[in-house]
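All remarks here apply to the structure that follows.
Just so it is clear, none of the values below were taken in a lab; they were calculated from the coordinates. Just so we're clear, the structure is a prediction, and the values are computed from it rather than from any experiment. When we count neighbours, we look across all protein chains shown, and the Cβ atoms used for this are built from the backbone with ideal geometry, even at glycine.
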Amino acid sequence: MANAELLQLLEQGVDSWNQWRESNPQAEVDLSNTAFIGWIFSGAQFQGVNFQGSDLSGVSLNGANLTGANFSGARMFGADLTHSTLDNAQFVGSNLNRVDGQHASFQACNLQSAQLVGAELAHANLTGANLQNANLERADLSRAVLKGTQLQGANLSRARAMHAILETASLAQADLTDTRFNRANLTAVNLTAAIFDGTSFMGVNLSKAILLDTKTGGANLSGANLSEAVLPEREESPYVDPMSPDEYADRALHDLLQK
């Protein structure tokens, strides 16, 4: 089916589209480089669809099936992805700023270098996703599941990940400035060379975590579990003489008068 015919079918509504997909499950659908700003696709069957370079800003994809879809280079600013299924989808270099992905499934997604500034991802499942070098500044990851997720070099500054599950995830060289992980599970997480500056790990499970080449002085580790964690070597503190020159002079005078 040609692109123009697909667009006409979409204009008829999600029910018509889904009926066609059920009858043509193997059809290759190319909707790349197309503007869908503000369209409502709630519950749509878009599995495997090519949306590369398309503009889906403000689109409603609530509860949609987007498994294996390709959104690389797409603009999805403020899109509604709540309760949608996006497993194995491609979002390389996509603009997902301010997207609402709460309770959505992003398992094994490729979100490398994606923009997710201010994204709402509470309760989302990002197990095994690739978020290397992604920008998650101010994102909400509260109670999200990120088991084995790749976050190397990602920007999570001012993000909220309270009660999140990040077991075996990699945050090597990630920017964790003012990030809050309160009560999160970071068991066996790789934090090598991550940036800690105002980072909160209060009550966090960091057992078996790797913290090499980090400066934990920039983190709040109150109540954290660091059992079996690989910690950075202690930096030798410069020697500071406990007595001032005036105190030395007073002691010398005292010793002289005692003779």
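Just checking the listed ones, Leu126, Leu81, Leu231: in the Gaussian network model of the chain with Cα springs under 10 Å, the one fluctuating most is Leu231. All other residues whose Cβ lies under 9 angstrom from that of Ile165 are scored, Lys and Arg at +1 and Asp and Glu at -1, for a net of +1. The GNM of the chain, with springs linking C-alpha atoms under 10 angstrom apart, assigns the highest mean-square fluctuation among Ser207, Ser105, Ser16 to Ser16.
Normalising by residue count, segment 128-235 has a Cα convex hull of 69 Å³ per residue.
Would you kindly give the portion of the calculated P(r) for the chain that falls above 22 Å, as a percent of all Cα pairs? Roughly 58 percent, rounded to a whole number. Computed over segment 1-115, the alpha-carbon pair-distance distribution with 5 angstrom bins reads 3, 13, 23, 31, 18, 9, 2, 0, each value a whole percent. In the elastic network of the chain, a GNM with C-alpha springs shorter than 10 Å, the most mobile of Glu11, Glu137, Glu120 is Glu11.
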